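Worksheet: the structure to be examined is printed underneath.
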Protein chains: 2
Amino acid sequence: MTASSSRTRRSRTAATPTPAPEDVVLTGKATINDIARLTGVSKKTVSRVINHSPLVHPETREKVLALMKQLGYTPDPQARGLAFRRSFLIGLVYDNPTAQFIVNMQYGALDALRDSGYELVVHPCDSSKEDYIESVRRFAQQQKLHGVILIPRVSEDEQLASALREIGVRYVRIASIPLDQAASMVVTHDRLAGTEAANYLESLGHRTIGLITGPRRYRSTIERGGGFLGGLDERGISLSPDYIYEGGYTFDSGVAGAEYLLAKSPRPTAIFACNDEMAAGVYKAAMRRGLSIPGDLSVVGYDDSPLASQLWPALTTIHSPIRDLGRMAAQMLLTDEPSPDAGAQPRTVTPQLVVRDSSQRPKP
Amino acid sequence: MTASSSRTRRSRTAATPTPAPEDVVLTGKATINDIARLTGVSKKTVSRVINHSPLVHPETREKVLALMKQLGYTPDPQARGLAFRRSFLIGLVYDNPTAQFIVNMQYGALDALRDSGYELVVHPCDSSKEDYIESVRRFAQQQKLHGVILIPRVSEDEQLASALREIGVRYVRIASIPLDQAASMVVTHDRLAGTEAANYLESLGHRTIGLITGPRRYRSTIERGGGFLGGLDERGISLSPDYIYEGGYTFDSGVAGAEYLLAKSPRPTAIFACNDEMAAGVYKAAMRRGLSIPGDLSVVGYDDSPLASQLWPALTTIHSPIRDLGRMAAQMLLTDEPSPDAGAQPRTVTPQLVVRDSSQRPKP
DNA sequence: CTGAAAGCGCTTACAG
DNA sequence: CTGAAAGCGCTTACAG
């Protein structure tokens, strides 16, 4: 008797003697009924094994697990989902950051989901559109997502978070400050990293420094930029507002920012760009002007994307462990529903400075 | 009566008079039973409307559609999937190409899936591992995927394709030659594009030319490289084998390839790198040696990723419409099962040369 | 520790 | 053109 031929008698109860396991053919399509019948227990007991219930006799469990393994049985996620009233899908919602950022985040999340039975559904969106929250809500509700990972900038949107709360979909927000209860947050301490960049440039001897930030509406702009300015300030360097350029986290805005800053007098001897893409733009502007890096200009970036080591000279930057962040967020979603503990501290990651070849002491 | 309060009497038949629509509250959780009962038709008829069956009286259809819209009803994909024995998920399977490539492909696929009720599940894998085919098979079978998009290099793996055929999962393969029946292929005519690069460099007057290919195991290597060599050959230039370097489609291999080629005598006046990442590596090697681009060395890349316009000088390259490829592949999967037509031609896309600032006539 | 019944929200197979 | 019954493969609620 094969597992599949047995399906014609699915509705009978499991009173027949268990056939010798050798008779069973691996079809990869066994169901809970096959497992129940062939092991001589009820569907419910098989279900208990699937769901790791402790209320199963160890021997029974072993017998069931053995047959599952032999048949290559895995429960049907759709059937489980229908009964559970939720799916085994994790959504990744984001609004157009750089390709490398998205891909690393995906790899991280997938690291955590591997062999968990959960899958990752990607959902880019455009947060500048009026109805984007409604559209994410529909996505999450329709797919009955088990959880959602939100990355900047959508992670900073309070309305999106409350829309998800309303429909009872769990989420983890990755952001540069704690915005939510600890169980829903992964915090990257961008402020400290910004300060580290400031300390580093000051310690090299730089006094005239330019800053290219991200867009004002990103929290990371406030944190990275604020940390940087605060760090300089603590060391007695006050950076005049006209040495700050608001970029857009894009290559082109890095070029524009550097064009602006390098035209100033006195010309800055160092520029901190709040991501690597913009730092690459700074390289381009510097080359155009015939300025050498780091001889005439030190550059520090942020992210430590592959780009950073591909630039020439290799870029000094802040290493942001994006893949780890994705992994942590996904892990938190797989974890059992935590009791909201108001006193708990959110998981926090502090990016670290990586010194390469784009920075040195300024020329005397 | 609200849609949700009605759920307590789900098992009754729809004999009660239809309540005034104004009484109905939008909960976003209406079911097919609610729609059936409130419109006074059977579930089956509602199901026909959902599935665009022509066997529904137009008036009935209108009535049903109107209520669906009013209640914000969308069928539960899990329940549909369970009954259909397949899900509404499209898998994207790939083996570690560049971040930009993956992300563009995802955007393209999502373009086609938008508002279709289908979602995109990403599935990177490592094709160098022994059991990767088995693992993709499990993924596709377990999730009962509606279809799979395969991109190079996994798209070129005949064993993977037949594993998917065996379990009855549709797929579309994106590759640089027709490998399968037309309905399962999107072909990028890399060979022609390679030839175009050759013609271009020859027409500029280059005679000593270097080639950095992808890895031998990629079909695109044979096509791009072969097209390039063939194009040169037709114009009377035969490229000596020691001016060909087998790269790995990575930045570092581009650096290594250029180091190798630029050390040769006579030094090539132009290099064709088979993707932009490697072309960026060529830039680095050239800069290290103090060679100016395009003054001392013309460089042509392949892909036209954002990197190409970010390099300085901007890279002359072959524009590969990756997002379009993703969109086409996903569209083909959404289309009704086509009858295998042996005579049909696969959809073909020919990448085009984009001339920027990294190429010019060689110095006399 | 175990199980029979009912249900999750749909569709198929059949009948009319 | 329409519908009642049975089923997809699981779980919940209840009972023992």
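Things worth noting here:
- Column: log10 I(q)/I(0), Debye, Cα scatterers of the stretch B:95-230, q = 0.20 Å⁻¹: -1.25
- Cα gyration tensor category, rounded, prolate or oblate, for the stretch A:186-262 with a/c compared to 1.5: oblate
- Average partner coverage of B:94-107, which counts Cβ from other chains inside 10 Å: 4
- Solvent-accessible area assigned to carbon and sulfur over the stretch A:190-320 amounts to 50 percent, based on a 1.4 Å probe.
- Averaged over the residues of peptide B:114-123, the number of Cβ atoms from other protein chains lying within 10 Å of each residue's Cβ is 4.
- Centre separation in Å (Cα based) which lies between the stretch B:73-128 and the stretch B:201-233: 34 Å
- At R0 = 56 Å, FRET efficiency that the Cβ-Cβ distance of A:E134 and B:S203 yields, to 0.05: 0.55
- In the context of the full set of protein chains, residues of chain B present 44 Å² of accessible surface per residue (probe radius 1.4 Å, heavy atoms only).
- Ignoring lysines fewer than eight residues from A:K129 along the same chain, the ones with Cα atoms less than 27 angstrom from its Cα are A:K144, B:K29, B:K69.
- All alpha carbon pair distances within the stretch B:231-324 were sorted into 5 Å bins beginning at 0; the resulting P(r) in whole percents reads 3, 14, 26, 25, 19, 10, 4, 1, 0.
- Isotropically averaged projected area of chain B, using the convex hull of Cα atoms (one quarter of hull area), nm²: 22.9 nm²
- For the segment A:250-259, counting C-beta atoms of other chains within 10 Å of every residue's C-beta and taking the mean gives 1.
- Over the stretch A:128-167, volume per residue of the alpha carbon convex hull, in Å³: 62 Å³
- Entry for the protein assembly as shown at q = 0.07 Å⁻¹: log10 I(q)/I(0) = -0.60, Debye formula applied to identical alpha-carbon scatterers, no solvent contribution.
- Classification of the stretch A:99-163 by its C-alpha gyration tensor yields an oblate form. The axis ratio a/c (a ≥ b ≥ c) is 1.5 or more, and b/c is at least a/b.
- Buried between B and A is an accessible area of approximately 3700 Å², summed over both sides with a 1.4 Å probe.
- Choice from B:V93, B:V282, B:V64 showing the highest fluctuation, given a GNM over chain B with Cα pairs closer than 10 Å: B:V64
- Per-atom-type breakdown for the stretch A:114-154 gives carbon and sulfur 42% of the accessible area (1.4 Å probe, protein chains only).
- Highest-MSF residue in chain A out of A:S309, A:S320, A:S298 [GNM, Cα springs under 10 Å]: A:S309
- One compactness figure for the stretch B:162-206 is 1.78, namely its Cα radius of gyration divided by 2.2 N^0.38 Å.
- GNM top mover of A:L333, A:L179, A:L55 - chain A, alpha-carbon springs below 10 Å: A:L55
The values are calculated or read from the model by the stated rules, or taken from the named source; none is laboratory data. Quick caveat, the model's predicted, so the values are computed rather than measured. All Cβ positions, even for glycine, are placed from backbone atoms using ideal geometry, and neighbour counts span all protein chains on display. Accessible surface areas use protein heavy atoms only, side chains included; no ligands, DNA or RNA. Shrake-Rupley method; radii C 1.70, N 1.55, O 1.52, S 1.80 Å.
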